[in-house]
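To start, the structure itself, in structure tokens.
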Amino acid sequence: MHDTPPLVPDFTQWPSFPFEGDLRVRQLDDPVPVEPPRKGEGHRECTACKAPDDAYIWVGERWRVRAMDRPTGLPMVLILESRSHLDLGDLPNLLAAELGVMTVRLERAIRSLDGVARVHVNRWGDGSAHLHMWFLARPYGQLQLRGTFLSLWDSILPPISEARWRENLAMVAAWLAEFGGRPLAEPPRIQWQAPSSFTGQPPADEEPPEGEPVSVIGSAEETPPTEEPEVEAPTRDA
């Protein structure tokens, strides 16, 4: 028989906590005798090993940097992965030293973007046995997003524009390429059309476009079905 759930902790009253209203703590499940294998363990296929280079924004000899499959609420969310199928504690000295260099280098690249105040670096590792480090950019001036709940806010905030997202990806990839490797992210194409007249006024039968262009990634035609994705998008519990 489970004990009475404890009261909600004090952090629910922090300004950075994303939710309000009545909350209660869930019952804690009984511990399992054997934990299930993660992706890349046992007979489970490794998503990172399977992914081709063109699924990343930057690739090097021993490291690759990956983005989400579409814009999210933060200015930038990236994942640093080793090419070798190793977890954090399995890294040899060379890769362990390079991990420190790559972490600092990628943090600086993301922090150089306009509107970024801080970069949070996280490693969970419960979903995949392949080393992957998360880098989340906190928008400048958004003090409510400070601290440990930034990853939750990323799923709550409205996504940034497709053009800004792609521009940020291209800038980070180019920044990393200054130290080696190969950038694969490209900036957004300019939406330009030759004018039909030189009066500066649109034709009478046309109206100025409203809003931003439809995102290709977000469209139903370009989004792979969730049952059989071409390249599986990272999940926050990975």
For region 109-156, give me each residue that is open to solvent by less than 10 Å² (accessible area, probe 1.4 Å) and of a type in the set (V, I, T). I110
All but one of (1) out of contact with any Pro (no Cβ under 9 Å at 6 or more places or on another chain); (2) under 20 Å from A109 (Cα atoms); (3) touching a residue at least 60 places away in the same chain (Cβ under 8 Å) hold for L80; which doesn't? (3)
I'd like to know if region 55-75 contains one or more residues that are open to solvent by 70 Å² or more (accessible area, probe 1.4 Å), outside any strand (DSSP E or B) and closer than 30 Å to S161 by Cα. yes
Candidates A238, A194, A220, filtered to the one that is surrounded by 13 or more Cβ atoms within 10 Å (Cβ to Cβ), of a type in the set (A, V, I, L, M) and either modelled with pLDDT under 55 or over 20 Å from A55 (Cβ atoms) (or both): A238
Is region 77-89 home to any residue that is more than 19 Å from N122 (Cα to Cα), more than 16 Å from the chain's Cα centre (by Cα) and acidic (D, E)? no
S82 vs. criteria touching a Lys or Arg at 6+ places or on another chain (Cβ under 7 Å) and either closer than 28 Å to E41 by Cβ or among the charged types (D, E, K, R) (or both): yes
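The values are calculated or read from the model by the stated rules, or taken from the named source; none is laboratory data. Bear in mind the structure is a predicted one, so any value in this text is a computation, not a measurement. Reconstructed Cβ throughout: ideal geometry from the backbone, glycine too, with neighbour counts over all protein chains shown. The area values use the complete protein model at the heavy-atom level, side chains included, leaving out ligands, DNA and RNA. Shrake-Rupley method; radii C 1.70, N 1.55, O 1.52, S 1.80 Å.
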